[in-house]
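Beneath this line is the structure, given in C-alpha cells, with notes to follow.
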C-alpha cells in the first residue's frame with residue numbers, strides 16, 4: 001500500500017492514477033474527499049490534514065511508503081510525517097522537494113529556497129529512508145499566465161532567464177519508480193525537461209499551439225513584486241517571489257539533467273508536448 005499526499009494537485013493525482021493502473025494498492029490523504037472524486041474508485045480515500053498528527057498517524061498505518069507533497073509552510077508538516085512514519089514502524093518517504101532546495105547560496109532565495117532546504121535537512125536528520133525528488137519549474141505553472149493570455153498581454157519578471165520546466169506527468173512517473181523500486185533511499189534526483197526556455201519562448205509556444213496572440217511586457221522582479229503588493233498580495237509573499245524571480249532571471253535554473261531518462265527509461269516531454277495536451281485550458 002502506498003500513501004499519496006497532495007492527490008488533488010498537479011503531481012499527486014497523476015501519481016495515484018499511475019500506481020493504480022500498475023496494479024498497486026493506493027491510499028490518498030485529502031482534506032476534502034469530494035475533490036478527489038475523479039480518482040479511480042478503488043483508490044482508498046482518507047480525510048485529513050497534514051498539519052494534524054492524528055490524521056497523519058491514521059493515514060500511514062499499514063503503508064509501505066509515503067509520497068509527501070507538503071502543502072503548508074515551514075517544517076511542521078515534515079516533522080509530523082516523520083514522527084508518524086517512525087511510530088508506525090515504517091521508514092520510506094519520497095519527498096517532493098524542488099531544485100530551489102539546492103540552488104546555492106540559499107541566501108539568494110532565503111524564503112522559498114530556505115524552507116525547501118530546511119525540510120530536506122529535517123528529513124536527512126530523521127534517519128528514515130528518504131528519497132528527494134527535486135523538479136525544476138512545472139510546465140503547468142504556465143496556467144498562472146491564463147488571465148494575461150486571454151487578455152493578450154503577459155507581464156514577465158524573469159527577463160532572459162531560462163528554466164528547464166518539466167511536465168508534471170514526468171514527475172509522477174519518477175515518483176512511481178522511486179516508490180515501487182528499491183535502491184533509491186538517500187538519493188536525490190534533479191528532474192528537468194529536455195530544454196531550457198525563457199518565459200517569452202514558453203509564451204510563444206503557447207501562442208503557436210493555441211492560435212492566440214500574446215504580447216509580453218518585461219518588468220524587473222522588484223517592479224513585479226511592488227505591483228503585486230499594490231494589488232493586495234501580502235508583502236511577505238511578494239518578497240518571496242521577488243527573490244525567486246531574481247534567481248530565475250539570472251538563469252540559475254537553466255540546467256538540464258538526465259535523471260528522468262535514467263529513472264524511467266523514457267525522455268521527459270517537451271514544453272510543447274505539454275501545451276498540446278493542455279491547449280484547451282488556454283482557450
Subject >> Considering residues of the stretch 243-268 that are in contact with a helix residue (DSSP H, G or I) (Cβ under 6 Å, 6 or more places away or on another chain) and over 27 Å from residue 223 (Cβ atoms) only, the residue surrounded by the most Cβ atoms within 10 Å (Cβ to Cβ) >> reply: 268
**OP:** Report, by residue number, each residue of the stretch 21-59 that is surrounded by fewer than 18 Cβ atoms within 10 Å (Cβ to Cβ) and under 24 Å from residue 139 (Cα atoms).
**Re:** 21, 35, 38
**OP:** Among the residues of the stretch 14-53, count how many are at pLDDT 95 or above, in contact with a helix residue (DSSP H, G or I) (Cβ under 9 Å, 6 or more places away or on another chain) and assigned to a helix (DSSP H, G or I).
**Re:** 7
**OP:** Answer yes or no as to whether residue 131 is under 23 Å from residue 7 (Cα atoms), touching a residue at least 24 places away in the same chain (Cβ under 8 Å) and part of a helix (DSSP H, G or I).
**Re:** no
Subject >> Test set (1) part of a loop (DSSP other than H, G, I, E, B); (2) in contact with a strand residue (DSSP E or B) (Cβ under 8 Å, 6 or more places away or on another chain); (3) touching a residue at least 60 places away in the same chain (Cβ under 8 Å) - residue 178 fails condition number >> reply: (1)
Original post:
Yes or no: residue 230 out of contact with any helix residue (DSSP H, G or I) (no Cβ under 8 Å at 6 or more places or on another chain), farther than 21 Å from residue 139 by Cβ, surrounded by fewer than 18 Cβ atoms within 10 Å (Cβ to Cβ) and free of Cβ contacts under 8 Å to residues at least 60 places away in the same chain?
Top reply: yes
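Quick check on my filter: what residues within the stretch 54-82 are assigned to a helix (DSSP H, G or I) and over 22 Å from the mean Cα position of the chain (by Cα)?
Narrowing the stretch 54-82 to residues assigned to a helix (DSSP H, G or I): 54-60, 76-82.
Within the stretch 54-82, 54, 55, 57, 58 meet the criteria.
The values are calculated or read from the model by the stated rules, or taken from the named source; none is laboratory data. For clarity, every value in this text was computed on a predicted model and none was experimentally measured. Cβ sites come from the backbone with ideal geometry, for glycine too, and all protein chains shown count toward neighbours.
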